[in-house]
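Working notes, structure below.
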Amino acid sequence: MKYLSKTDYSRRRFFGQMSCAGMGYLTFVNSILNLKGMNAAAMANSAVSGADDYKAIVCVLLAGGNDSYNMLVPSDNTHYGEYSNTRKNLALSQGSLLDLSYSEGAKTWGVHPSMGGVRTLFNTNRAAFISNVGTLLNKTTTKENYDNGTNLPIGLFSHADQIQQWQTGIPDQRLAKGWAGKMADLIGDMNPNQNISMNISLSGSNIFQTGDNSVEYAIDPQGGAVGMNGYNPDTDWIVDSMRTTAIDSMLGQYYEDIFHKTYINVLKNSKEAFIEFNEAFENAHNFAPGDFADNPVSEAFKTIAQTISVRQALGFKRQVFFMTFGGWDHHDGLLANQAGMLGALSQGLLDFQNAMETLNTDDCVLTMTISDFARTLNPNSDGSDHAWGGNALVTGGPNLINGGMIHGNYPSLTQGAANPLEVYLGRLIPTLSTDEYFGEIAQWFGVPPNDLDLIFPNIGEMYTPSAGSYPIGFIKN
Amino acid sequence: MRKRFLPFYSDPRYCYNFPLMLKYIPTLAVAWIVLPLQLDSQNYLGAGNSDGISVTASSSHLESIWIDSANAIKTIDGSGMLADYFDVCRFLNQATLGFDSSHVNSILNSGLPPMQAYEAWIDAQLAGNADYLTPELNTIFEQIKDSLSAGGVHDTLLPRRPGWQEFNYAWWSVHSFTEDLLRHRVATAFSEIFVISRFSDLEGYGDGLADYYDMFLCNAFGNYRELIDSITLHACMGHYLSHANNPKTVDSLNQHPDENYAREIMQLFSIGLYELNQDGSRKTQGGEEIPTYTNADINGLAKVLTGLGYGGTLPHLTSDPPHWGMGLWEADVTVPMIMYDVDLPPIQPWWDPDEDQHEDGPKTFLGHTITPNASGMVELNEALDVIADHPNVGPFISRRLIQRLVKSNPSPQYISDVAGVFNNDGTGTRGNLGAVVKAILLHDEARDPSYQLDAANSRLQEPLWRYTHFLRNVEKYNPNGLYWNNNYFVFENIHQDIFASPSVFNFFLPDDTPHGDIQDQGLVAPEFKLHDARSSVGYINASHQWTVPWGQLMNTWLGDYMDHTEVDWVIDDLLPLAEDSETYLNWLDKHILGGRMTDRTRFIIRSALNGFNPDYHWHNHAENRVRVGMHLALLSADYSITR
C-alpha cells in the first residue's frame, strides 16, 4: 500500500510554492527534470497558467444511501418492464418518468418525476449520470468473489464503512482521511490564501476534507462563516473590550497539553478565518430572491455560490465545498420520502448551476454527488435495503462536462442467473469504481496523473492514469 | 511517568491527598528537578496568588465566604487548596451531568475513607428511585394545552401528543434539580450508544422519546439482556430502524425482510464488526482481523425480526385496535411492540387471521440456528440471547461506557477489567450494568489522581454536559417555578442535544479523532467532532448568551401563550465575591472548574476582571466581573478538558 510519504509531501508542497511564486520556475524545473512526476506536475499545476485560473468541486453527500435506481430509470418498454418486474411496488410508473434526450439504441431513460431541474440540466448538456459506480478493489469483481468473500471492500452494505470509503476512495481500509483533504495536502499551496482552508465544509467536520496536513473550514450553510458574538477589538464598550482581550489572550497562548492545544487551535483558526472570510463575504454577489429555492439544500448551494463569488478577494484558485444532505436511508416509505428529497436536490442543482452561469464560473465549477450505496432493487415491503453500485450525478457547464449523457454502463435490472452483476436481493456489483470517478475529477482539479496513486492507492488496479486522458470521460478537458 | 509516583500513591493514605501534593510541587524547587512534569497542564489553586495584591485584599471579606477567599497563609499551608474537594469533583464529573457543592460535601462529610465514600455514594445512587421523565412530561403537556386553550386555540387544534420540545421541557425540568444523578448520567450515555433521533418522524413523538429515555433509566443499573430486549421492542426504535411492520419474505412480490435493525443491533448495539479480546483489541487469524458477521448473518437475523408491529393505540386518535401495518401516528408508542404471528392461538381476539407476518422456516445467524418455534417472540428471544451472550459484548459496551463517563482512551487493562465485570459480576451474573458502571467509576484509571498528569487520559467534555454542569452550579430563577428549555438556540450553536444526532451513528464514533497532535499520538478524541470551526465558536456564543447579555439560561417557544417561561441567572450571591477578583476566581475554580483552573487561565481572567474598575461609576464592576468571568471560565480549555 502506498501512502503519502513525508518526502512526497515536501516535494508536492515545494512545487506548489514554486508555482505560485512563478519567479525562476523554469530554471528550477530544468535543473531537476530527472525527478519522477515533474513534467506532469508542471502541466497539471496550472497555477502557472494565469491569474484567472479557478477550479472548484462541490461534493454533495447523499447520506444514508440514495436509491439511485429510482433516480435514473429505464423508460423504454423492454427495460422498464425488467425494472418494474424486479422493483414491484417500489417501481415508479412508466408514464411519470421525465424523459431524457439520450438513448443507446432502443434503450431510453427518464429521471424521477420530481427531478424536473435535473432533466433541464441534462437535456441542455449541463448534467450527466455516472452509472453503476461503487466501491471496488479491482475491475474483475464477480459474483464468485462476493460468495467467497474475496477481494471485496470491507463492510459492504454497511453505512459507516461505505460512507467512509466514498470519502476516502480506499475501500479496503478504515481511514479517517479523505481524498479532498489529501488533494489539499498536495495542491493547497496553489491558493494565495493560506489562512483559510482550500476545503470549505457546510456540514462541519468530515472525513472527505481531512488530510494529513489540512482540515476543513466549517461555515454555516445559511449565511457563511460563524464568528463570536460581541468579539470586537475596536469596541469602546468595556464588557466587550475586556472579553475580547481575554479571548485573544487565551487563543494566543502556546499549549503544551495536546487536548488543550487542539481545543484552542480550532477556536483560534476559526476566529482568524472568520475575520478574513467575513470581510470578503460582505461583498458577495447579491442573488435575487427567486434565484434559490426556499429550502435548506438550495440555501446551502446559495452560500457556496456566494463564497465562489468572492474567490478572488479571498485569494482562492482551488476550492472544494462539501455538504451533507442526509435522510436517504429509506428502509420505509421510499416512494413518498424520496420524492421530496430528490426534488430538493434537483432544484438545488438547477439553482446552483444557474448561479454559476451568472457568475461566469459554470465551466470551472463541477458538482458531484456521492452516497453510501444504492439500495436493493427488491423491496422490503415499502422500502429498500443497503446495496452497492449505483448512479451518481455530475453537473457543470457545457464546456466543462460531457453532459446529456449516461457514462459507464447502466446495468441490467433483471435478477438471478440472467444477471451476472446481481448478487442478492437486487444488489449490483459496480462496473465503475470510485477510483475512476474520483480520479478523473482529481486529475482535472490539478493532481498530476502520476501522483493520483498517492491519494488512491488502488487506482492502478482500475486504469493507468495518464495526462490528457480520463478514465470515464464525463469531463471534457 | 506514572511509575515515578508509585511510592507515593501506592500508599492509600497518600492516594487521596495526591492532588494536594501535586499542587505543592511548583512551590518546591527541588521537586522540579526530581519530577520533570509537564506542569504546563497542571492546576494548583493558589499558585497564582503569590503576587499578594488581591490575596491580602480578600481577607477583608465576609466570614460566610471565607472558604472561597484566597489567603496567603492558606495558600501556603494547603488548607485553601481544597485537594480533597477537587478529588470529589473529579469523581462527580465522571458520574453526573452536573453537581453542586452539596453533592461534593455529602461525600466529603461521609466520614468514610475516599474509595469507600465513593462506593457508598454509588451504592446509594443505585438504590435510589429513578426520576422518570414521563410524569413530568404529562404534567407539562397538560399545562401547555391549558395555556393554549386559554389563549384561544380551539380544542380541535390542540396538539394531540407532545413533541420533541415538550420532551426537552421535561428533561431540563427534571434535570435542573434531580438527585438521581448517576442514573441520568448512564441514561444519556445509553442515548449515545443505542441511538434514536428526533431528526426523523420521532420529532412529533415526545411521549415516545420520554418513554425511550425512561427505559434507559429503568435499565441503567439492570441487566444488558433486558435492556437490549426493551430497546428491540420499543416502538421508537422500531420506527427509527424500521423493524416495525417488517414483513416476511414474499417471493411473488420480490419482498425480503428489512435488514436495517438486524445490522445495526450487531454493529452498534452489541458486538461490533470484529471479534474482540476481552481488552477490546481485535483478534487476528493469520494476521487478519476476524469479522464477527457476514451479510448472510444479517439476513438470517432479519428473518427473526419479521412480524413485529406496534402494540397499542391511543384511543383519542383511533378507535381501531392495534393491527399489523398501523401507522406510528395512531400508535401508543410507549407500549412495546408485539409479534403479529397467528401460528399461535390468538391472545387478542381482534387479530386478523391473515396477519401471520413472522417468517417461517430455518433462520441461522452467528453460527446459530434458531430452534423453530411457532411463536416468533420465542425465536426473537433466542436470537437476543445469542447476541447478548456473544463474548464481544463485554469489551464492546465497556469501552463505549468508559468513553462516555471517564476518558477517551482507556487502557486495554481498564477495558478488560470492566468487561470482566460485565461477563461476571462476581455472583455469576452476566450483563449487570450497575456493576459495570461501578467498576468503571471505581477503577484505578478513573480514581487514581496520578492519571491526571498525562494528557493521554483526557476527555473533551461534550458541549451539552458543559452546559448542564454550569446550570447545576448557578442560581436559576423563573417566577412560575418552570424550569423548561427547548434548548433550540443552544442546539443550533453546539449541534448537540438529547436524541438529536444526525444518524444512528451518534454525534461521533468511538474511534473518531481530530486532525493533528492527538491523532499523531495514536489517540482518539471523538468529542472533537462537536468542536469544528463552526460549533467551537457556537459554544462560545451559546455560553455568551447564558452569561453576558442578559444571563438567559433556558427558554421556550411558548411566549405567545404563557408568561415568563424563560429561566434567568440570578447573580446576587456572587456580586460580593466579585468585589475581589481573586475571591471570585477561587469561586469559579471551585464550583465551575473543579480545581482545573490553570495559572495562565487565572491570569487571563483576572486581567479581565480587574479591567472592571470599581473607581469608575459608569458601569457596574461587580456584575460585569461576575458575568464576564463566568463566560471566560466556561470557554477556557481548562473547563472543557477533563481527566
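Amide H contacts of A:HIS407: A:PHE129, A:ILE130, A:SER131, each under 5 Å away and 5 or more positions distant or on a separate chain (H built 1.01 Å from N in the peptide plane; Pro and chain starts excluded). Couplings 3J(HN,Hα) for segment B:544-550, derived from phi with the Karplus relation 6.51 cos²θ - 1.76 cosθ + 1.60 (θ = phi - 60°), are 4, 4, 5, 10, 8, x, 10 Hz, where x marks Gly and Pro. Over segment A:388-477, Cα pairs under 8 Å with separation of 6+ residues give a relative contact order of 34 percent. Based on Cα contacts under 8 Å between residues 6+ apart, segment B:160-209 shows a relative contact order of 74 percent.
In the protein assembly as shown, the DSSP beta bridges split such that about 60 percent are antiparallel, to the nearest 5.
The value of relative contact order for chain B, using C-alpha pairs under 8 Å at least six residues apart, is 17 percent. Each peptide in B:559-568, A:302-311 receives the mean, over its residues, of other Cβ atoms within 10 Å, and ordering these scores from highest gives A:302-311, B:559-568. Exposure proxy ranking for B:PHE508, B:PHE491, based on other Cβ atoms within 10 angstrom of each Cβ and starting from the fewest, stands as B:PHE491, B:PHE508. If only the Cβ of Lys and Arg carry +1 and only the Cβ of Asp and Glu carry -1, the dipole of the protein assembly as shown around its Cα centre is close to 3060 debye. As a proxy for reagent exposure, B:HIS154, B:HIS469 were ordered by neighbouring Cβ count within 10 angstrom, fewest first; the result is B:HIS154, B:HIS469. Directionally averaged projected area (chain A, Cα convex hull): 24.7 nm².
Name the residue farthest towards the positive end of the dipole of chain A from the options A:ASN295, A:LEU377, A:ASN477, assuming +1 on Cβ of Lys and Arg, -1 on Cβ of Asp and Glu, about the Cα centre. Farthest towards the positive end: A:ASN477.
Only helices enter this figure: runs of n ≥ 4 DSSP H residues, each worth -39500 (n - 2.57), summed and divided by the residues of chain A, yield -11000 deg cm²/dmol at 222 nm to the nearest 500.
Taking the Cα centroid of segment B:364-390 and of segment A:277-331, what is the distance between the two, rounded to the nearest whole Å? Between the Cα centre of segment B:364-390 and that of segment A:277-331, the gap is 50 Å. Net charge of the neighbourhood of A:PRO153, taken over other residues with C-beta under 10 Å away and scored Lys/Arg +1, Asp/Glu -1, is -2.
Taking a sphere under 13 Å around the Cβ of B:ILE370 and counting the other residues whose Cβ falls inside, with K and R at +1 and D and E at -1, yields a net charge of -4.
Taken about its Cα centre, chain B carries a charge dipole of roughly 2260 debye when the Cβ of each Lys and Arg holds +1 and the Cβ of each Asp and Glu holds -1. Counts of other chain beta carbons within 10 angstrom of each beta carbon in peptide B:291-299 average 3. With both labels modelled 7 Å from their Cα along Cα-to-Cβ, the A:THR235 to A:ASP172 distance reads 5.6 nm.
Taking amide hydrogens as placed 1.01 Å from N in the peptide plane, the amide H of A:MET115 sits under 5 Å from that of no residue at least 5 positions away in sequence or on another chain. Diagonalising the gyration tensor over the Cα atoms of segment B:262-349 and scaling each eigenvalue by 5 before taking the square root yields semi-axes of 40, 15, 10 Å, largest first. The mean number of partner chain beta-carbon atoms within 10 angstrom of a residue's beta-carbon across peptide B:261-273 is 2.
Within the shell of other residues whose beta carbon sits under 14 angstrom from the beta carbon of A:SER131, the net charge comes to -1, with Lys and Arg scored +1 and Asp and Glu -1.
For the protein assembly as shown, what is the convex hull volume of its Cα atoms per residue in Å³?
Working: hull volume 216.1 nm³, N = 1120.
Taking the convex hull of the Cα positions in the protein assembly as shown, it is 193 Å³ per residue.
Once the gyration tensor of the Cα atoms in chain B is diagonalised, the equivalent ellipsoid follows with semi-axes of 47, 32, 19 Å, ordered largest first. Spin-label pair B:GLN461-B:THR369: with each label point 7 Å from Cα along the Cα-Cβ axis, the two points sit 5.6 nm from one another.
Applying the Karplus relation 6.51 cos²θ - 1.76 cosθ + 1.60 with θ = phi - 60° to segment A:405-416 yields 3J(HN,Hα) values of 9, 9, 8, x, 10, 5, x, 5, 9, 7, 10, x Hz, where x marks Gly and Pro. Segment A:413-466 and segment B:267-300 have Cα centres spaced 27 Å apart. Which whole number gives the average count of other chain Cβ atoms within 10 Å of the Cβ atoms across peptide B:248-257? Across B:248-257, the average partner-chain Cβ count within 10 Å equals 5. For the peptides A:198-210, A:82-94, the ranking by packing is A:198-210, A:82-94, with the highest mean count of neighbouring Cβ atoms within 10 Å listed first. Computing FRET efficiency as 1/(1 + (r/R0)^6) for A:SER466 and B:HIS316, where r is the C-beta to C-beta distance and R0 is 51 Å, gives about 0.15. Counted by neighbouring Cβ atoms within 10 Å, the residues B:TRP465, B:TRP557, B:TRP546 run from fewest to most as B:TRP557, B:TRP465, B:TRP546. The alpha carbons of segment B:193-289 occupy a box of 49, 46, 24 Å along the principal axes, longest dimension given first.
Applying 0.36 nm per residue to the separation of B:ASP146 and B:ASP572 and subtracting their alpha-carbon distance, the gain on full extension is 150.0 nm. How much FRET efficiency would the formula 1/(1 + (r/R0)^6) give for B:ASP560 and A:ASN138, where r is the Cβ-Cβ distance and R0 is 45 Å, rounded to 0.05? With a Förster radius of 45 Å, E is 0.10. Within segment B:296-316, which residues have the backbone N less than 18 Å from the label spot 7 Å out from B:VAL378 along Cα→beta-carbon, could you tell me? Of the residues in segment B:296-316, B:304-308 have backbone N under 18 Å from the label point off B:VAL378. Between the amide H of B:ALA525 and those of B:THR513, distances stay under 5 Å, these residues lying 5 or more places away or on another chain, with hydrogens modeled in the peptide plane. Using the Cβ-Cβ distance between A:ASN213 and B:GLU288 with R0 set to 45 Å, the FRET efficiency works out to roughly 0.90. Computed from label points 7 Å out along Cα-Cβ, the spacing between B:LEU509 and A:ALA288 is 4.5 nm. In whole Å, what is the distance between the alpha-carbon centres of segment B:413-476 and segment A:197-223? Between the Cα centre of segment B:413-476 and that of segment A:197-223, the gap is 32 Å. The order of the peptides A:232-244, A:364-376 by mean Cβ neighbours within 10 Å, most packed first, is A:364-376, A:232-244. Between B:VAL504, A:ILE187, A:ILE429, the Cα set farthest toward the positive side of the dipole of the protein assembly as shown (charges on each charged residue's Cβ, about the Cα centre) is that of A:ILE187.
Just so you know, all these numbers are worked out from the coordinates, no wet-lab data involved. Worth saying up front: this structure is predicted, and the values here are computed from it rather than measured. Note that each Cβ is placed from the backbone with ideal geometry, even for glycine, and that neighbours are counted across all protein chains shown.
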